[in-house]
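As structure tokens, the structure follows; a few thoughts come after it.
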Amino acid sequence: MNSSIGIFDSGLGGLTVLKVLAQKFPHESFCYLGDIARLPYGNKSPETIRKYGLQILKFLKAQNVKVLIIACNSASTVFLEEREFEGIPLLNVIVPGSRAALVAAGMDKRIAVLGTSATIRSHAYATTLKALDSAVEVTETACPLFVPLVEEGVVEDPITELVALRYLQKIKQQKIKTVILGCTHYPVLRSDLRKVLGQDVQLVESGEVLSAELGQLFGNGGIEASSDGHGRQIRVCITDLTDHFERLATQLMDPEPIGRLEKVVL
Ligand code: DGL
């Protein structure tokens, strides 16, 4: 089967997931959709995020995909219970991220979740973590300024560090050592976050957890690509075309080539 893997985010963030998956599954083709015309999702209502998500899932389905991945935590919160979309397997980041965090925390059982306002307001991580282990203690923090900093490329910068210091104060004081990066933009800020929280903090990232989840799905379903990877294609579609996005996307995906960006209408 040579159809591709459909994956979406509101903007650049999902590329942190796409990069990990593209490297982990070198025979697979991918079709990525970044909804940059409507970014950010993190300050929108669940109804609006779901409406956008459904439009994107329909678009990706029409691109001949065999798996759909929501590489956006804010969108994952409104598709939490769904395991398929019109017959196609649907993966979200919250459940595998919660499982991975519990393993990482071990006996400590204290986990911090960083996310957009929409993700934190939904308590999707806290609910999922507690359902998996009732003894877990969850500290949730909304970090609404992180996404614009990433989208503007303000990374490894004193301004970002100051913002991180403000958001992460409580986690730092309580010495919580397992932190879920509950937004796919945040791995871009990895080194800023480590600077504030300490090098020994365990950051749980959506790309890694999704790659394990996808591997499991392939193991169960016999839908892995059969080609040798030579014909693999990585398409990056966006709902608005800007030089700025192109530059940052190329930097973020390096060394994976992304080809020409495609502007699409949903
Ligand atoms: N990257 C997205 C997430 O994981 C959303 C960022 C946004 O659009 O606010 O939540």
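What follows draws every value from the coordinates through simple rules; no lab data is involved. Predicted model only: the values in this text are computed from it and were never measured. Here the Cβ positions follow ideal geometry from the backbone for every residue, glycine too, while neighbour counts run over all protein chains shown.
Sorting check: for 12-23, 253-264, which peptide has the highest mean count of neighbouring beta carbons within 10 Å, and how do the rest follow?
Numbers: 12-23: 24.7, 253-264: 13.0.
Final packing ranking: 12-23, 253-264.
Quick check on the range 1-101: of the DSSP beta bridges with both residues there, what percent are antiparallel, nearest 5%?
Details: 2 of 14 bridges.
Once the DSSP bridges in the range 1-101 are tallied, antiparallel ones form about 15 percent.
Identify which of 141, 242, 160 has the largest mean-square fluctuation in a Gaussian network model of the chain, with springs joining Cα atoms closer than 10 Å.
Highest fluctuation of the listed residues: 242.
Which net charge results for the neighbourhood of residue 140, defined as the other residues with beta-carbon distances under 15 angstrom from its beta-carbon, given Lys and Arg at +1 and Asp and Glu at -1? Don't skip to the end; give the middle numbers.
On the way: positive: 110, 121, 130, 170; negative: 137.
Cβ neighbours under 15 Å give a net charge of +3.
Under 5 Å between amide hydrogens, which residues at least 5 positions from residue 67 or on another chain qualify, with H placed 1.01 Å from N in the peptide plane?
6
Residue-wise, which Karplus ³J(HN,Hα) couplings in Hz belong to the range 246-252, taking 6.51 cos²θ - 1.76 cosθ + 1.60, θ = phi - 60°, and x for glycine or proline?
Each residue of the range 246-252 in turn: 4, 5, 5, 5, 5, 4, 5 Hz.
So what are the ³J(HN,Hα) numbers for the range 61-70, from phi and the Karplus equation (6.51, -1.76, 1.60; θ = phi - 60°), rounded to whole Hz, Gly and Pro as x?
For the range 61-70, the Karplus curve yields 4, 6, 8, 6, 9, 9, 9, 10, 10, 8 Hz.
Once you have a ≥ b ≥ c as the square roots of the Cα gyration tensor eigenvalues for the range 113-266, tell me rounded if a/c is under 1.5, and otherwise prolate or oblate according to whether a/b is larger than b/c.
Values: a/c = 2.04, a/b = 1.29, b/c = 1.59.
Oblate, since a/c reaches 1.5 and b/c is not below a/b.
What percent do you get for the relative contact order of the range 72-207 when only Cα pairs under 8 Å and 6+ apart count?
Values: 206 pairs, mean separation 38.1, N = 136.
Over the range 72-207, the number comes to 28 percent.
For the chain, how big is the tail of P(r) above 22 Å, as a whole percent of Cα pairs?
Values: 18616 of 35245 pairs.
Tail fraction, whole percent: 53.
Grab the other residues whose beta carbon is less than 10 angstrom from that of residue 178, score K and R as +1, D and E as -1, and report the net.
Details: positive: 109, 110, 177; negative: 108.
Local net charge: +2.
Dividing the convex hull volume of the alpha carbon atoms of the range 1-127 by its residue count, what do you get in Å³ per residue?
Details: hull volume 14.2 nm³, N = 127.
Taking only Cα atoms, the range 1-127 has a hull volume of 112 Å³ per residue.
For the chain, what does the relative contact order come out to in percent, with C-alpha contacts under 8 Å and a separation of six or more? Write down the numbers at each step before the final one.
Details: 496 pairs, mean separation 71.5, N = 266.
Answer for the chain is 27 percent.
Can you say what percent of the DSSP beta bridges in the chain, counting only those with both residues inside, are antiparallel? Round to 5.
Working: 2 of 34 bridges.
Here the share of antiparallel DSSP bridges comes out near 5 percent.
What distance in nm lies between label points placed 7 Å from Cα along the C-beta direction at residue 123 and residue 266?
2.8 nm
Relative to the longest principal axis of the chain, what angle (0 to 90°, nearest 10) does the C-alpha long axis of helix 14-24 take?
For helix 14-24, the angle is close to 70 degrees.
Order 73-79, 214-220 from most to least packed using the mean count of other Cβ atoms within 10 Å.
Numbers: 73-79: 28.0, 214-220: 14.1.
The densest-packed peptide leads the list: 73-79, 214-220.
Taking amide H atoms as placed 1.01 Å from N in the peptide plane, list the residues 5 or more away in sequence, or in a different chain, whose amide H sits under 5 Å from that of residue 262.
Amide H neighbours of residue 262, under 5 Å, 5+ apart: 236, 237, 238.
Give me the number: length gained by fully extending residue 190 to residue 172, i.e. 0.36 nm times residue separation minus the C-alpha to C-alpha distance, one decimal in nm.
Values: separation 18, 0.36 × 18 = 6.48 nm, distance 1.53 nm.
Contour length minus the Cα-Cα distance gives 4.9 nm.
Can you tell me, using C-alpha contacts under 8 Å and at least 6 residues apart, the relative contact order of the range 2-58 as a whole percent?
Numbers: 51 pairs, mean separation 23.2, N = 57.
Rounded, it is 41 percent for the range 2-58.
Taking the simple approach of a point 7 Å from Cα along Cα-to-Cβ for both residue 3 and residue 241, what is their distance in nm?
2.8 nm
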